[in-house]
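Below: the structure, in structure tokens.
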């Protein structure tokens with residue numbers, strides 16, 4: 001086998017985005033513990049994406065690959081007024097997050113780390129964070145509760161999915177739509193093409 005791309009994520013949205021642009025990849029879920037000391041959203045997502053990529057790379061069998069292996073780690077958070085909103089712990093938490101976001105602007109940060117190996121040697125590390133501004137419509141608590149009961153928000157940073165039912169909550173965005181979904185795929189494609 002020649003070159004290989006490894007996505008260090010179980011996110012179905014990230015898988016869909018890579019597939020959408022025709023990138024062939026293998027998915028290996030990272031077992032990295034998400035422990036961080038950073039508080040700035042862009043630094044948090046860069047750090048976590050790097051930890052995810054490293055955790056997979058450290059356990060990878062390079063013997064079956066003859067050329068380049070690129071590991072893609074990614075992490076997404078929602079931030080409002082500098083406060084990071086991760087995935088909700090329960091339905092009440094999801095409602096509280098969405099009540100805070102409704103009628104306001106927030107930012108979605110996705111950090112990406114690409115670890116590029118030639119055989120079993122690390123030859124490059126590309127790390128960046130993309131930020132997209134998202135503006136939400138004002139929404140009644142009753143409507144938010146109906147959305148939360150759909151179950152869609154429960155595995156998503158900020159408790160909504162812009163690519164699903166949560167689209168009705170979003171008034172407009174400023175930046176990369178795919179970044180909000182979970183992967184700034186345009187930039188990733190440009191970085192990957194430097195090596196393949």
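Throughout, read-outs are computed from the coordinates displayed, never taken from laboratory work. Not measured: the values here are computed from a predicted model. Positions of Cβ are backbone-derived with ideal geometry, glycine not excepted, and every protein chain shown enters the neighbour counts.
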Place the peptides 18-26, 139-147 in order of packing, highest mean first, counting for every residue the other Cβ atoms within 10 Å and averaging per peptide. 139-147, 18-26
Label of the coordinate-derived value, mean projected area of the Cα convex hull in nm², listed as [x] 13.4; [y] 13.9; [z] 10.6: [z]
Antiparallel bridge percentage (DSSP; both residues within the chain; nearest 5): 85
Given the -39500 (n - 2.57) contribution per DSSP H run of 4+ residues, what per-residue ellipticity at 222 nm results for the chain, rounded to the nearest 500 deg cm²/dmol? -9000 deg cm²/dmol
Selected from 132, 110, 76 as most flexible by GNM, with the chain as the system and alpha-carbon contacts under 10 Å: 132
At what distance in angstrom do the alpha carbon centres of segment 10-30 and segment 32-94 lie from each other? 15
Considering only C-alpha atoms, what is the centroid distance from segment 137-158 to segment 96-121, in Å? 20
